[in-house]
Amino acid sequence: MADCIFCKIVQGEIPCAKIYEDDLVLSFLDINPINPGHTLVLPKNHYETLFEVDPETLEACILAAQKISEAVYRGVKAAGLNFLQNNFRAAGQLIEHVHFHLIPRYEKDGFLTSWPGREYAAGEMEKTRKKILAEL
C-alpha cells in the first residue's frame, strides 16, 4: 500500500531500528514504546488485519515473535512480557497493517493495570458460544 507507514519501512523508504528480518517477516523497535524494548513484528506483505493473513505468513510471524520475545525479555531484563495484536480502531489498531506487539513489562509500570472482566449473565455464555460456532 502506497500510504502505509509499515510498508514504507519494509521497502526501506523509512528507517527503523531493525531487530529481525527474513523473507516474510520484519521486526523493529516501536518508536513510541510502552517500555524500552517494545518491539513490533509484522509480515512484509500488506494485510490490514489478522483475518486476512495467509497461514504460512502468520506462522512465520508467530515463530519469529516467539524467538524475538525471548531476546527482548532477556535483553532488557524484563519481569514479564505481553504479546498483543489489535484489529480495527475499536480494538486500538492505529496502523492498518497487521502487527504484533512484544511489550516488556515491569512491576508497577502502569500499563494494563486492570482487566475489567465481568461474569456472563444467565444463559449469555451459551448464546455467545452458539453465535461463534455458527461462524466457524
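Read-outs throughout are calculated quantities, based only on the coordinates presented, and are distinct from any laboratory measurement. Here the structure is a predicted model, which means the values were calculated and not measured. Please note: Cβ atoms are built from the backbone with ideal geometry, for glycine as well, and neighbour counts cover all protein chains shown.
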Find the relative contact order for the chain and round it to a whole percent, using C-alpha pairs within less than 8 Å whose residues are 6+ positions apart.
23 percent
In degrees, nearest 10, range 0 to 90: what is the angle between the Cα axis of helix 124-135 and the longest Cα principal axis of the chain?
60 degrees
With label points built 7 Å along Cα→Cβ from the Cα atoms of L63 and L94, find their separation and express it in nm.
3.1 nm
Dividing the mean separation of Cα pairs under 8 Å (6+ apart) by the residue count of region 1-63 yields a relative contact order in percent of 25 percent
Cα-based helix-to-principal-axis angle, 55-75 vs the chain, degrees rounded to 10
70 degrees
Linear extension gain, M1 paired with R74, 0.36 nm per residue minus alpha-carbon span:
22.8 nm
Which order do the peptides 64-70, 10-16, 125-131 come out in when sorted by mean C-beta neighbours inside 10 angstrom, highest first?
64-70, 10-16, 125-131
Taking every C-alpha to C-alpha distance in the chain and binning by 10 Å from 0, the per-bin percentages run 11, 35, 31, 18, 5, 0
